[in-house]
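This report refers to the structure that appears directly beneath it.
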Ligand SMILES: [Zn+2]
């Protein structure tokens, strides 16, 4: 089975390539890249990428697929449907399912569900502690053997510093990073939004920035002690970025990700008690948003990850302090990132690096590259097409996006996993190749 | 060569020659255990006190038998049966015992450094039978002795130590002994139990069992204390075994004539598979036999060179030693011992009749 993806602009940061190229794909593997028209004589299925960027498939290293246990919010199938519609060919999903993914059996179950869905690749992230209770180490070796690519208690900060130390030491044996949700629970107790002028005015108990920063500082210190790999999940404050920057300058194995909502929105979005603007960590101030962009620009922040956290409307249509934390993000991440390109934060190639190359490297996955011989995981997107966010049109089972009604620029046209088309934009359908 | 140490507190500080001297002495004592009458009169009339603050049938009985084969009187005191539980301090207990004039005090204690505290009393030779996570020097000697029986000189040999290095006094003493004697030591275990600082000891550090075992001449398995799981050094015994249990398959990485040591008691199915423990490579029972010989050697060397120390002391008495005592007495509550009348040893006793082969004493 042969395919040619032609007339597109290939952006492949891993190979420092940014040029008009056609791709020849055979048996799901990238066989050759050539100048436009190179494969005109080859008998193959043709995909017209004119006007599109052809990038290595996007990789979201932080999503909640909710299965097993919370299938009313999302399943591996609906989550990967949303993923491929958003241009993602691979996901790493967090362990806060029910039962918790703290052993090999649950890890294998998720891998199996993803195989059955047959859309995006899914890499489970194993729990750090049994039951996410923050007390005893989970069966990390067993989960890694079953396919876990990272370890995290995401959603629950690891308050016991000694447990975190042991986990970092233990994980170094498998060379998997620990993704850390940085929140000091004593400092954040009872808070539902950023602690600042808005929380004071709205009368909502706040989560201070320092709740994140003390934990980032702690985990960087533990990375120094153990030489373990710490990945700071969804960084949200200016000083947290500064701490990561410093740790990198010191040569520690510390990486960081930021979620699109944290580089796009401020706490002002909470105005009117909008529960779709409630997430953990909370939306911060304009200074912090600027710091996220600066961190992306100078490399302090390695990756953009959605923290896609689907919730049922019944969990959001409640009093603000009762509402569930989290927003969906798989279908809006790419256009929100492209906005940073248009705003001059970084170039398109850097955007692809944050959305594909770096997540692959951090998780040790062989993707994020269009090198010959690698699996043909591709995302084709139009950087100019605009569309309006309609939560009801989302492929996700949940609609809790803070970007409802936004007009976004940048649209995924086609997503391919191992040479299989797993998503094609309906607007494009029927368009002659 | 003479063995000039007053106490036997650890392998640390012993030279290669001193280690070899003790080993040669032990090797010559081994023969006594093969005799029909397993007894020599070397330490007749002397008392050895075994003061055990941790239960250890194996080490305690080994010291007891060693003392008895040298015709010494061995007294065992264990923490559970003595005044230890009645609030008496370690030093007070030791002072009382020393007042009974033992030839040596053997101590096993859960606190690292406890034997060193007693050694500072300096009322009789102190032998460390295991202190906390610090050292277990006689265990290291019996391990080395066993390796030497099988492999000859340990210099240049590759020896793996597998398991809980962090908490193991057996590992510490063996690392010191083996590296001093020129062996190449590899430490293998989960990173939680294998401190990064190990690399400073001139050893290799491995977190993969098979990689670590590649081509080794001897494997020393440490006992895994099950309660470590509670403190998150590993998720479960099952997962520990998955990574670090010495199985027949893992053993294939080592040299074909590899030997396996274990200080006992074994956790079968956790750190060692029964097929390996009971297999032809295991020298665990020889270790027990050699343990008696090593302890005989240490008791012999410390108690018979005591007179040398006494002579030296009489030379320096009233000088440095006296000065030190004065200083201590000026500090209220200082732990310094009071000079005790009659403590000084009587004029030189005659050497005991030696029943040792020439090479042991003649070096
Ligand atoms: Zn989180």
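Cβ-Cβ distance of residue B:230 and residue B:150, R₀ of 45 Å, FRET efficiency by 1/(1 + (r/R0)^6): the value works out to about 0.75. Using the Cα gyration tensor of segment A:365-415, with a ≥ b ≥ c the square roots of its eigenvalues, what is the shape: rounded (a/c below 1.5), prolate (a/b larger than b/c) or oblate (neither)? It is prolate, given that a/c is not under 1.5 and a/b is the larger ratio. Taking A:345, A:357, A:235 in turn, the Gaussian network model of chain A (Cα-Cα springs below 10 Å) assigns the largest fluctuation to A:345. GNM remark for chain A: springs join alpha carbons under 10 Å apart, and the peak mean-square fluctuation among A:381, A:174, A:88 falls on A:174.
Inter-chain Cβ neighbour count for A:135-143, averaged per residue, equals 5 (cutoff 10 Å, partner chain atoms only). Under Stokes-Einstein, with the Kirkwood radius over Cα pairs as Rh, the value for the protein assembly as shown at 10 °C and 1.306 mPa s is 52 µm²/s.
Comparing A:123, A:403, A:39 in a Gaussian network model of chain A (Cα springs below 10 Å), the most mobile by mean-square fluctuation is A:39. For segment A:57-363, the share of DSSP beta bridges that are antiparallel, to the nearest 5, is 5%. Summarising the label geometry, the points placed 7 Å from Cα in the beta-carbon direction at residue A:38 and residue A:161 lie 5.5 nm from one another. Against chain A, whose longest principal axis comes from its Cα atoms, helix A:161-172 is set at around 30 degrees. Sorting A:236, B:71, A:129, A:199 by the number of Cβ atoms found within 10 Å of their own Cβ, with the fewest placed first, yields B:71, A:199, A:129, A:236.
Estimated translational diffusion coefficient (Stokes-Einstein, Kirkwood radius over Cα pairs, 10 °C, 1.306 mPa s) of chain A: 74 µm² per second. Highest mean packing comes first when the peptides B:3-10, B:36-43, A:142-149 are listed by Cβ atoms within 10 Å, giving A:142-149, B:3-10, B:36-43.
Kindly express, to the nearest 10 degrees and within the range 0 to 90, the angle between helix A:209-226's C-alpha long axis and the longest C-alpha principal axis of chain A. Compared with the principal axis, the helix lies near 80 degrees.
When A:38, A:396 are arranged by Cβ crowding within 10 Å, least crowded first, meaning fewest neighbours, the order is A:38, A:396. Averaging 1/r across all pairs of distinct Cα atoms in segment B:138-287 and inverting the result yields a Kirkwood radius of 15.0 Å. Subtracting the Cα-Cα distance of residue A:271 and residue A:112 from 0.36 nm times their residue separation leaves 53.0 nm of extension gain. The order of the peptides A:10-19, A:163-172, B:44-53 by mean Cβ neighbours within 10 Å, most packed first, is A:163-172, B:44-53, A:10-19.
Ratio of Rg to Rh for segment A:312-433: 1.01 [Cα atoms; Kirkwood radius as inverse mean 1/r over pairs]. In the protein assembly as shown, the calculated helix contribution to ellipticity at 222 nm averages -9500 deg cm²/dmol per residue, counting -39,500 (n - 2.57) for every DSSP H run with n ≥ 4. Taking a ≥ b ≥ c as the square roots of the eigenvalues of the Cα gyration tensor, segment A:317-370 is oblate, since a/c reaches 1.5 or more and a/b is not larger than b/c.
Plugging the Kirkwood radius over Cα pairs into Stokes-Einstein for segment B:48-170, at a temperature of 37 °C and a viscosity of 0.692 mPa s, what D comes out in µm²/s? Once the numbers are plugged in, D ends up at 210 µm²/s.
In this label model, residue B:285 and residue B:61 are separated by 1.4 nm, measuring between points 7 Å along each Cα→Cβ vector.
Cα centroid separation, segment B:163-218 to segment A:51-84: 45 Å. Relative to the longest principal axis of the Cα atoms of chain A, helix A:76-85 runs at roughly 60 degrees.
Shielding of peptide A:406-413 by partners, expressed as the average count of other chain Cβ atoms within 10 Å per residue Cβ, is 0. Look at the stretch B:231-244: the mean tally of other chain Cβ atoms within 10 Å of its residues' Cβ atoms is 5. Counting 0.36 nm for each residue step from residue A:221 to residue A:16 and taking away their Cα separation leaves a gain of 70.4 nm. Packing around the peptides A:109-117, A:22-30, taken as the average count of other Cβ atoms within 10 Å per residue, puts them in this order, highest first: A:22-30, A:109-117.
Cα extents for segment A:1-40 along the principal axes, largest to smallest and rounded to whole angstrom: 28, 20, 11.
Each value in this text was obtained by applying a stated rule to the coordinates, not by laboratory testing. Bear in mind the structure is a predicted one, so any value in this text is a computation, not a measurement. Virtual Cβ from ideal backbone geometry, glycine too; neighbours counted across all protein chains shown.
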